[in-house]
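Structure record follows, encoded as structure tokens.
The values are calculated or read from the model by the stated rules, or taken from the named source; none is laboratory data. Not measured: the values here are computed from a predicted model. Backbone-built Cβ (ideal geometry, glycine too); neighbour counts: all protein chains shown. These area figures cover heavy atoms from the full protein model, side chains too; ligands, DNA and RNA do not enter into them. Shrake-Rupley method; radii C 1.70, N 1.55, O 1.52, S 1.80 Å.
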Amino acid sequence: MLYFVATPIGNLDEITGRALEVLRSVDLIAAEDTRHTAILLSKYGITTKTTAYHKFNERESVDGLIAMLEAGKNIAVVSDAGMPTVSDPGHILIDAAIERGIEYTVVSGACAAIDALVLSGLSTRNFTVLGFLPERAVDRARYVEPFKDVPSTLVFYSAVHDIKKDLKFLFDAFGPRRAAVCREMTKMYETVTRGRLGDELDIVEKGEFVVVIEGASGESKLNSLSIEEHIRHYLEGGMPEKEAVKKVAADRKIAKSEVYSVAVKMKGSDGRS
């Protein structure tokens with residue numbers, strides 16, 4: 001069996017009994033950083049053998065891990081913190097396991113994105129975890145473009161040396177939306193700074209960060225037009241008047257009768273019957 005085991009994102013006491021049982025019982029722990037994982041294992045007296053499994057050797061390691069699993073061994077995959085595969089290594093191994101018919105499961109636990117979402121105070125009704133932003137500016141712009149008009153809370157990860165640059169980019173991309181910057185979650189110096197993108201947020205540049213941003217309002221961009229211009233936009237696109245009135249009313253969340261009265265005046269001024 002292959003296990004993907006969530007580990008604490010800060011406080012080492014935040015690990016489940018099942019996770020500890022699995023880490024003790026497997027034949028091998030594939031760890032993002034064996035030195036980091038050794039701290040957790042030492043705290044709980046776990047002596048299971050570990051091997052490095054990180055983004056720089058992930059593809060090369062998969063064949064060996066799959067061979068062990070096919071030989072009947074049990075392996076646990078852990079990242080430095082939180083759930084493996086969420087902005088961390090693991091998905092290549094999942095693809096290989098599915099292809100070879102190898103069973104795998106998840107051992108639940110901490111996830112920085114979920115903790116930050118709750119701490120942010122923003123909507124949890126629906127959300128999108130976008131993880132770390134790409135390095136190059138052009139890649140960043142392309143990466144976030146599809147999400148600018150999505151009415152879903154957005155969650156980003158940021159490293160200490162990137163946080164100021166990331167916040168500036170997010171403001172440039174999304175404007176002054178409400179946001180929360182969560183730092184050192186579950187640790188002694190956990191802080192949550194709430195405000196708006198573009199504000200001078202008081203942030204201590206230490207530790208790991210999660211930035212949570214409110215989603216788009218969900219309003220149509222056409223709502224910035226007058227009702228008459230809004231109707232004309234749909235009519236010029238070939239939409240029948242009745243459907244155009246209905247669509248404008250839905251976009252603007254107003255009564256159809258209000259839109260219809262504007263449409264009637266338009267017909268008079270245009271000389272239409």
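If you take all other residues with their beta carbon under 11 Å from the beta carbon of residue 79, and give Lys and Arg +1 and Asp and Glu -1, the sum is -3. Using only Cα atoms, locate the centre of the range 115-145 and the centre of the range 10-72, then give the distance between them in Å, rounded to an integer. The range 115-145 and the range 10-72 have Cα centres separated by 28 Å. Net charge of the neighbourhood of residue 158, taken over other residues with C-beta under 10 Å away and scored Lys/Arg +1, Asp/Glu -1, is 0.
Take 94, 75 and sort them by solvent-accessible surface of the protein heavy atoms, 1.4 Å probe, largest at the top.
94, 75
So if I take the alpha carbon set of the range 131-273, get Rg, then get Rh from the Kirkwood formula, what is the Rg over Rh ratio?
Using only Cα positions, Rg/Rh for the range 131-273 is 1.20.
Only one residue of 224, 249, 39 has its Cα farthest out toward the positive end of the dipole of the chain, where Lys and Arg carry +1 and Asp and Glu -1 on Cβ, and that residue is 249. Read through the labelled values [x] 1.25; [y] 1.37; [z] 0.97 and report the label of the one computed as Cα Rg over 2.2 N^0.38 Å from the structure. Of the listed options [x] 1.25; [y] 1.37; [z] 0.97, [y] comes from this structure. Solvent exposure of the chain, expressed per residue, is 55 Å² of accessible area, with all protein chains present and a 1.4 angstrom probe. For the chain, the mean residue ellipticity at 222 nm estimated from helices alone is -12000 deg cm²/dmol, where every DSSP H run of n ≥ 4 contributes -39500 (n - 2.57) and the total is divided by all residues, rounded to the nearest 500.
Shown are 104, 3, whose ranking by accessible area with a 1.4 Å probe and every protein chain present, most to least, is 104, 3.
Apolar share of the accessible surface for the chain: 51 percent from carbon plus sulfur atoms, 1.4 Å probe.
Which value, in debye to the nearest 20, gives the size of the charge dipole of the chain about its Cα centre, when Lys and Arg are +1 and Asp and Glu are -1 at the Cβ?
Computed charge dipole of the chain: roughly 900 debye.
Summing charges over neighbours of residue 196, with a neighbour being any other residue whose Cβ is under 11 Å away from its Cβ, gives 0 when K and R count +1 and D and E count -1.
Between the listed residues 131, 213, 237, the Cα displaced farthest toward the positive end of the dipole of the chain, a dipole computed from Cβ unit charges relative to the Cα centre, is found at 237. Axis of helix 241-252 versus longest Cα principal axis of the chain: the two differ by about 50°, to the nearest ten degrees.
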